[in-house]
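*Asks:* Pasting in a structure now, in structure tokens, and then I'll have a few things to ask.
The values are calculated or read from the model by the stated rules, or taken from the named source; none is laboratory data. Owing to the predicted nature of the structure, the values given are computational and were not obtained by experimental measurement. Note that we place each Cβ from the backbone using ideal geometry, even for glycine, and neighbour counts take in every protein chain shown. Side chains are part of the model used for accessible areas, which takes the heavy atoms of the whole protein and leaves out ligands, DNA and RNA. Shrake-Rupley method; radii C 1.70, N 1.55, O 1.52, S 1.80 Å.
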Amino acid sequence: MPPIKLKSSPSSAPAKRQHKAAAKAVAHAKEKARPLTRIQREKQDIILEAALDVFSLHGFRGATIDQIAEVAGMSKPNLLYYFPRKEEIHRRLISELLVTWLAPLRDMDENGDPFPEIRSYIRRKLEMARDFPRESRLFANEMLQGAPRIIEMIEIDLKNLVDEKAAVLTAWMDQGRIARTDPYHLIFSIWATTQHYADFDVQVRAVLGPARGGEGRFEDAARYLEQLFLYGLTPRPKG
């Protein structure tokens, strides 16, 4: 009797596709686990730099892989070899941005003098507004969309750091070294006033005009914000 060939079940084709997709994902994960060569690292840096331009200009929803590939000066298939999905590029940029963005707050020393520590924080935030305007706009765009891609980072990493530094500020208040106020809204206010000079830079330069809208606007802003916050935080005699 000749051997009987088994018929493919109706669900075998989808199962095969799922298996191939899983195998492809495993292979890609193994590929990513290998140490990158110098050329591969350089290619990734070029892609991330191009993506920062595109995302900061168009936001996540408006940006496309084709736009990023064009700005990076490479083919779309070449880009997809390094980053198969737009979400991966965006998440990598945001993750690296948060490390840089939060460094000044993380460096606030609870054992230091409160006023130099807060002054240093204000100045470093303004320096970042000056030196990283694209990164600031990237973060602002994500916030305006409800932070769907980084909400876990905000609810865990960012919140934990802000809680820690709010406790430092509260301790300084309890010691009578700075005036009592809401530590969270103090941090929010520093964020808002310093990042304004990145996110609304065109407006700032237009209103200040050629005479005051040059590079010196950041030093002018630093002096003003120091006066605003440090005067407000100076303890007043009771009664």
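*Asks:* Given (1) in a helix (DSSP H, G or I); (2) open to solvent by 70 Å² or more (accessible area, probe 1.4 Å), identify the lone condition not met by Arg180.
*Replies:* (1)
*Asks:* Same structure, new question: How about segment 120-151: which of its residues are open to solvent by 50 Å² or more (accessible area, probe 1.4 Å) and of a type in the set (Phe, Trp, Tyr)?
*Replies:* The answer is Phe132, and nothing else.
*Asks:* Is one or more of the residues making up segment 213-225 open to solvent by 100 Å² or more (accessible area, probe 1.4 Å), modelled with pLDDT of 95 or more and among the aromatic types (Phe, Trp, Tyr)? Can you show your working first?
*Replies:* Taking segment 213-225 first, the residues open to solvent by 100 Å² or more (accessible area, probe 1.4 Å) are 215, 223-224.
Pick out the ones that are also modelled with pLDDT of 95 or more and you get 223-224.
Then drop every residue that is not among the aromatic types (Phe, Trp, Tyr), which leaves 224.
Taking every residue of segment 213-225 in turn, at least one turns out to be open to solvent by 100 Å² or more (accessible area, probe 1.4 Å), modelled with pLDDT of 95 or more and among the aromatic types (Phe, Trp, Tyr).
*Asks:* Being part of a loop (DSSP other than H, G, I, E, B) and acidic (Asp, Glu) narrows it down to one of Asp109, Asp163, so name that one. Step through it out loud before you land on a result.
*Replies:* On the way: Asp163 fails: part of a loop (DSSP other than H, G, I, E, B).
Testing whether each residue is part of a loop (DSSP other than H, G, I, E, B) and acidic (Asp, Glu) leaves just Asp109.
*Asks:* Could you check segment 46-64 and list, in sequence order, the residues that are among the acidic types (Asp, Glu) and touching a helix residue (DSSP H, G or I) at 6+ places or on another chain (Cβ under 7 Å)? Steps first, please.
*Replies:* Within segment 46-64, the first condition is being among the acidic types (Asp, Glu), and the residues that meet it are 49, 53.
Of everything in segment 46-64, just one residue is among the acidic types (Asp, Glu) and touching a helix residue (DSSP H, G or I) at 6+ places or on another chain (Cβ under 7 Å), namely Asp53.
*Asks:* Follow-up question, since we're still on this one. Which residue pairs have Cβ atoms closer than 8 Å, lie 6 or more positions apart in sequence or on different chains, and pair a first residue in segment 80-95 that is touching a residue at least 40 places away in the same chain (Cβ under 8 Å) with a second residue that is loosely packed, with under 15 Cβ neighbours inside 10 Å and of a type in the set (Val, Ile, Thr)?
*Replies:* none
*Asks:* Also, quick follow-up: When you scan segment 30-56, how many residues do you find that are touching a residue at least 40 places away in the same chain (Cβ under 8 Å) and either over 17 Å from the mean Cα position of the chain (by Cα) or open to solvent by 70 Å² or more (accessible area, probe 1.4 Å) (or both)?
*Replies:* Of all residues in segment 30-56, those touching a residue at least 40 places away in the same chain (Cβ under 8 Å) come to 40, 47-48, 51-53, 55-56.
Restricting the remaining residues to those that are either over 17 Å from the mean Cα position of the chain (by Cα) or open to solvent by 70 Å² or more (accessible area, probe 1.4 Å) (or both) gives 40.
Residues meeting the conditions: 1.
*Asks:* Quick check: anything in segment 152-159 at pLDDT 95 or above, assigned to a helix (DSSP H, G or I) and surrounded by fewer than 11 Cβ atoms within 10 Å (Cβ to Cβ)?
*Replies:* no
*Asks:* Taking the options Thr234, Thr193, name whichever one is of a type in the set (S, T, N, Q), open to solvent by 30 Å² or more (accessible area, probe 1.4 Å), within 24 Å of the chain's Cα centre (by Cα) and closer than 23 Å to Arg123 by Cβ. Before the answer, list the steps.
*Replies:* On the way: Thr234 fails: within 24 Å of the chain's Cα centre (by Cα).
None of the others qualify; the one that does is Thr193.
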